[in-house]
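The values are calculated or read from the model by the stated rules, or taken from the named source; none is laboratory data. Predicted, not measured: the structure shown is a model, and the values here were computed from it. Ideal geometry is used to build each Cβ from the backbone, glycine not excepted, and the neighbour counts take in all protein chains shown.
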Amino acid sequence: MSIRVIDIDNDYQSLIDNKDFVAVNFPIKDAVKIYGNSYDRLRGKNKLKLEIENIIGFKDNRLNSCEAIENFLVFTYYLLKTHNKLVVFTAGLSYDSIDDYIKIMEIILSKLDNRTLCVVKNFSDINESKLTDLYIHINKVEKEIIFDFIKNWLIGFKPKDEFFTYPQYFGKIEFETYDYFEMLLFILSKQNRNYEFDFINKNNSQYPKGIVLINDNSMYLGIGVNSNYEKYFIDKLSEEYMKTPIVCKGTLPY
């Protein structure tokens, strides 16, 4: 057995091109998909979860969490039963979930013979746990306000994700694209479409993170700031939007 962890900025293309490896969760046609109907149609999920718990030696609530981590753990184990080599892209998992996923898979792989798992981490080298998120909440979705926020606050930022699907994590896929702006226009073209867009700028020492959240036909426009600049940007956002931003540390604003 072996497990290899690769940063998204490193060269993982050779693994995808290698016919010995099964690509999982990558935004390419031939990849096995983690979300949507693929997991929903997976048979014997409860049996697979019991097998995982027997292997790792403890009951794991993440296996019944109805969150992305459940899909990753169960589907990866299912694929490892019939494939020797996997390369898995962790898009959709949080930082903590990526760490949990790797720990559990290390245990599972130690019990399986002749298996190789390459985990491609979908994250930047920005330590988001040390940032304070400041959100301006607007109780309706205004396209022009979002565009102004992106133009005025997110110059030099790039989308954190490389591929976008709607619904974002669960359910039958209605729309998918490599272009975040195309997805943004799709979300804004109709009511009741919720989505989270994350942006990063490693060169912005004051606030290296940006967020646009569409939720319940309202929107949250956010930046992740370093602690030294927290008061400065609270005041700056308050002045521009005429309201006090919501302050969050590792949580959502709603």
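Going through (1) more than 26 Å from residue 99 (Cβ to Cβ); (2) crowded, with 17+ Cβ neighbours inside 10 Å; (3) aliphatic (A, V, I, L, M) one by one, residue 131 falls short only on (1). Inside the stretch 183-211, residues that are modelled with pLDDT of 95 or more, among the hydroxyl-bearing types (Ser, Thr, Tyr) and touching a strand residue (DSSP E or B) at 6+ places or on another chain (Cβ under 9 Å) make up a count of 2. Annotation note: of 155, 108, 136, the sole residue that is among the β-branched types (Val, Ile, Thr) and part of a helix (DSSP H, G or I) is 108.
Being in contact with a Pro (Cβ under 6 Å, 6 or more places away or on another chain), closer than 14 Å to residue 138 by Cα and among the hydroxyl-bearing types (Ser, Thr, Tyr) is a condition met by at least one residue of the stretch 209-231.
Does the stretch 43-65 contain at least one residue that is in contact (Cβ under 8 Å) with a residue 24 or more places away in the chain and farther than 17 Å from residue 104 by Cβ? Scanning the stretch 43-65, I find no residue that is in contact (Cβ under 8 Å) with a residue 24 or more places away in the chain and farther than 17 Å from residue 104 by Cβ, so the answer is no. Taking into account only those residues within the stretch 161-172 that are modelled with pLDDT under 85 and over 12 Å from residue 197 (Cα atoms), which is surrounded by the most Cβ atoms within 10 Å (Cβ to Cβ)? If we take residues in the stretch 161-172 being modelled with pLDDT under 85 and over 12 Å from residue 197 (Cα atoms), then 169 is surrounded by the most Cβ atoms within 10 Å (Cβ to Cβ). Within the stretch 8-24, the residues that satisfy the criterion of being under 30 Å from residue 64 (Cβ atoms) and either exposed (fewer than 12 other Cβ atoms within 10 Å of the Cβ) or of a type outside the set (Phe, Trp, Tyr) (or both) are 8, 22, 23, 24. Scanning the stretch 47-101 for residues that are under 25 Å from residue 126 (Cα atoms) and polar (S, T, N, Q) yields 90, 94, 97.
Screening 104, 138, 173, 126 for residues that are aliphatic (A, V, I, L, M) and more than 19 Å from the chain's Cα centre (by Cα) leaves exactly one candidate, 138. Only one of the listed residues (113, 100, 96) is surrounded by fewer than 17 Cβ atoms within 10 Å (Cβ to Cβ) and either touching a Lys or Arg at 6+ places or on another chain (Cβ under 7 Å) or within 30 Å of residue 160 (Cα to Cα) (or both). That residue is 96. Suppose we keep only residues that are within 13 Å of residue 210 (Cβ to Cβ) and of a type in the set (A, V, I, L, M) within the stretch 134-160. Which one would you say is surrounded by the most Cβ atoms within 10 Å (Cβ to Cβ)? Residue satisfying both the conditions and the ranking: 134.
Taking into account only those residues within the stretch 158-188 that are without any contact (Cβ under 8 Å) to a residue 24 or more places away in the chain and part of a helix (DSSP H, G or I), which is farthest from residue 24 (Cα to Cα)? Filtering the stretch 158-188 for residues that are without any contact (Cβ under 8 Å) to a residue 24 or more places away in the chain and part of a helix (DSSP H, G or I), the one farthest from residue 24 (Cα to Cα) comes out as 185.
Just give me the residues in the stretch 25-59 being in a loop (DSSP other than H, G, I, E, B), at pLDDT 80 or above and surrounded by 13 or more Cβ atoms within 10 Å (Cβ to Cβ), in sequence order.
Answer for the stretch 25-59, where residues must be in a loop (DSSP other than H, G, I, E, B), at pLDDT 80 or above and surrounded by 13 or more Cβ atoms within 10 Å (Cβ to Cβ): 25, 26, 31, 33, 34, 42.
As a summary of the residue check, residue 233 satisfies the conditions (1) part of a helix (DSSP H, G or I); (2) touching a Ser or Thr at 6+ places or on another chain (Cβ under 7 Å) except for the one numbered (2).
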